[in-house]
Amino acid sequence: MPLTSAASLISPLLENSPLTVEVGGSRWWGGFTAELKITNSSGKDLQSWSYTFDSPHSISGAPWGATVTSTALGNGISRYTLSGAGWAAALKAGASVSVGFNGSQGSSIGNDGALTSAQLFGNSSSTVLPTPPVVTPPVVTPPVVTPPVVGNGTGYAEALEKSFLFYEANRSGDLDEATNRVPWRGDSGLNDGRDGVYFGDRNGANLQLGLSLNLTGGYHDAGDHGKFGMPLASTISSLAWGGIAFKEGYNATGQLDELLAAVKWGTDYLLKAHGTDAAGNTSFFVAQVGDVAADHALWSAPESQTIARPAMAVTAQKPGSDVSAASAAALASASILFRENGSIAYADELLRNAMSLYRFADTYRGKYSNSITEVQSYYNSWSGYEDELSYGAAWLARATEAAGGDGSAYRQKALQLYNTEIGGLSNGWTHNWDDSSYGAAVLLAEDTGNAKIRGDVEGWLNSWVNGSNGVQITSGGLRFISQWGSLRYAANTAMLAGVYADSVTDPNGAYSQLATDTIDYILGDNPRNSSYLVGYGDNSPQQPHHRAASGVGWDGFRNGLPNENILYGALVGGPSQANDFAYADVRSDYIANEVAIDYNSGFTGALAFAAQRSAGF
């Protein structure tokens with residue numbers, strides 16, 4: 001789940017060791033993500049393995065695929081031992097597994113680029129502690145249950161319909177059996193908000209005794225069952241934006257009701273997560289529900305899990321301007337969508353909450369990942385909070401005007417933040433759950449016509465069209481910037497390119513062509529002749545990394561068989577390199593075969609744009 005870019009460099013083979021270790025990853029602002037590819041080169045099956053190394057850096061949060069112990073050696077050096085856990089516990093002869101962790105830089109190794117073994121280990125050493133080779137018994141493969149087929153045709157309308165099926169498959173809470181279209185999903189997370197609420201980090205001093213909330217609903221983040229505020233907020237605002245910008249596409253495909261239901265499932269939860277006082281002012285906002293480390297240790301459906309699911313919130317003393325402003329943007333954009341579709345009272349409620357939440361975000365400034373530090377291992381706020389404050393203000397300007405008010409103060413706020421705090425766009429990156437500057441720039445370019453901001457947006461889009469400034473183009477035409485959810489980034493750009501092409505300018509059709517070509521690539525027009533949308537088109541993914549859909553436990557995790565339940569409409573991460581064939585349909589590959597609610601959000605809007613253009617609008 002840590003959504004980062006990475007590159008891999010091979011460390012020297014460790015002599016007399018049963019393991020070969022390749023170090024990859026990426027460096028960030030004062031931090032890094034390490035990806036270790038562990039290969040069993042012993043010639044015998046290993047039931048367990050451990051890898052010990054010294055480093056000047058500190059590991060933050062829980063690793064994935066491993067547990068960790070540490071010992072301080074002095075002089076700023078720590079000795080870490082990673083031991084395989086869960087799906088990565090055992091290694092057959094010749095097999096490899098990828099594990100990893102996030103960390104903070106103990107000595108400066110730079111703020112961007114690939115992580116190397118020399119940077120990870122510094123001037124220290126690395127050793128492997130061998131474990132006795134044990135021949136593992138054969139795994140008994142469970143029977144495959146064939147789900148009902150929803151259809152396997154082609155076309156933007158069907159792809160859009162299936163994208164909403166994915167959102168229904170990732171719903172948490174009390175499902176309506178009469179309308180549930182995903183038969184293998186049931187109620188889950190019914191005690192959310194009852195297992196403890198913490199203001200800030202999850203420790204005893206922050207536990208709010210006597211505070212019991214109803215936090216049922218919302219969406220499971222990805223193939224696991226945590227509920228995170230940042231990706232949820234980005235997802236809802238992107239879905240709502242697509243419904244506002246491409247209403248003809250939704251009308252042409254008959255998917256408007258499904259869009260409204262998907263957005264409302266998210267906004268209903270955001271309203272529950274928003275704590276206000278008697279005057280309607282924000283007192284806290286829940287940014288995470290679930291013990292993610294405990295959840296990751298399980299490979300099981302949410303309906304069967306009984307682990308505690310505590311909630312963590314930001315407050316005035318433990319601020320989270322980014323998650324609060326992003327959620328205000330979600331509520332404000334959704335208020336426009338519902339107002340345009342006749343739900344006036346609900347739109348008013350969303351707007352009131354958006355205004356209060358934005359005041360809270362702007363008044364009590366700080367990064368939510370500094371207040372709730374465990375999210376640093378999953379959805380750290382790398383970009384800070386100024387981008388979300390600008391994005392939220394831009395949406396509140398529109399929402400206020402849609403309700404008949406004057407949005408100029410919000411718009412001036414968005415402009416001021418963009419010009420003084422953001423200052424421009426990195427042409428080799430794009431809109432995503434962490435970085436809202438691109439969305440803010442497109443909104444402001446539309447609403448103000450500001451020449452400087454238009455230049456920023458068009459310079460960025462031109463880089464994606466031409467494959468420059470860090471954007472690579474594969475031989476099949478995929479624009480690639482990161483191995484973590486490469487198709488998600490391409491689809492997010494496609495959606496905003498469609499918005500800009502429709503509302504501002506489309507030079508020689510380049511931006512609309514970028515949008516439709518990206519969607520066509522995802523749906524199967526690529527050198528693999530394969531769809532990356534589960535249950536759609538030719539050779540679509542069979543093993544997306546999703547606990548509930550897999551239908552197996554850890555014992556069947558690596559059985560090589562298709563998931564027992566088809567996760568219709570899920571967009572997988574896609575190629576992990578700027579290579580059309582750098583993709584393997586393997587359940588354990590949480591980089592290329594991960595699915596997540598934010599992966600589908602820009603993609604869903606871009607599908608509506610493609611459908612709208614196809615229908616002649």
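Values for this structure:
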| quantity | calculated |
| --- | --- |
| Computed over region 439-587: relative contact order in percent, which uses C-alpha pairs under 8 Å that are six or more apart | 22 percent |
| Relative contact order computed over region 284-386 (Cα-Cα under 8 Å; 6+ residues apart), in percent | 30 percent |
| 14 Å beta-carbon shell around Gly229, net charge (K/R +1, D/E -1) | -3 |
| Net charge contributed by nearby residues that have their C-beta within less than 11 Å of Phe246 (K/R +1, D/E -1) | 0 |
| Identified option (computed Rg and Dmax of the Cα atoms in Å; candidates [x] 23.4, 74; [y] 38.2, 126; [z] 56.8, 187) | [x] |
| Region 381-472: chymotrypsin sites (Phe, Trp or Tyr not before Pro) falling in loop per DSSP and having at most 13 other Cβ within 10 Å | none |
| Value at 222 nm in deg cm²/dmol, rounded to 500, when DSSP H runs of n ≥ 4 in the chain each add -39,500 (n - 2.57) | -11000 deg cm²/dmol |
| Amide H partners (placed H, <5 Å) of Trp382, local residues excluded | none |
| Order of Arg488, Arg411 under a 10 Å beta carbon neighbour criterion, fewest first | Arg411, Arg488 |
| Prolate/oblate/rounded call for region 241-364, Cα gyration tensor, a/c under 1.5 rounded | oblate |
| Pairwise label distance in nanometres, Ala345 with Ser304, each label 7 Å out on the Cα-Cβ vector | 4.2 nm |
| Lysine pair number, Cα distance threshold 29 Å (strictly under), the chain, separation 8 or more or different chains | 28 |
| Contour excess over end-to-end distance, with Cα ends at Asp268 and Ser58 and 0.36 nm allotted per residue | 71.7 nm |
| Relative packing of 327-336, 524-533, which averages over residues the other C-beta atoms within 10 Å, highest first | 327-336, 524-533 |
| Highest average packing first - 441-453, 281-293, Cβ atoms within 10 Å | 281-293, 441-453 |
| Least to most buried among Glu177, Glu22 (fewest other Cβ within 10 Å first) | Glu177, Glu22 |
| Extension reserve of the Gln208-Ser503 stretch, reckoned as 0.36 nm per residue once the Cα distance is removed | 101.5 nm |
| Counted charge near Leu478, where neighbours are those whose Cβ lies closer than 13 Å (Asp, Glu -1; Lys, Arg +1) | -1 |
| Rounded to 5, the percent of DSSP beta bridges in region 195-331 classed as antiparallel | 75 percent |
| Dipole magnitude of the chain, debye to nearest 20 (Cβ charges: Lys/Arg +1, Asp/Glu -1, about Cα centre) | 820 debye |
| The chain, relative contact order in percent, only Cα pairs under 8 angstrom and at least six apart counted | 15 percent |
| Neighbour-count ranking [beta-carbon atoms within 10 angstrom, fewest first] of Ser426, Ser108, Ser234, Ser343 | Ser108, Ser426, Ser343, Ser234 |
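Rule-based calculations on the coordinates, nothing more; no lab input. What you see is a predicted model; the values in this text were computed from it and never measured. Here Cβ is always computed from backbone atoms with ideal geometry, including for glycine, and neighbour counts include all displayed protein chains.
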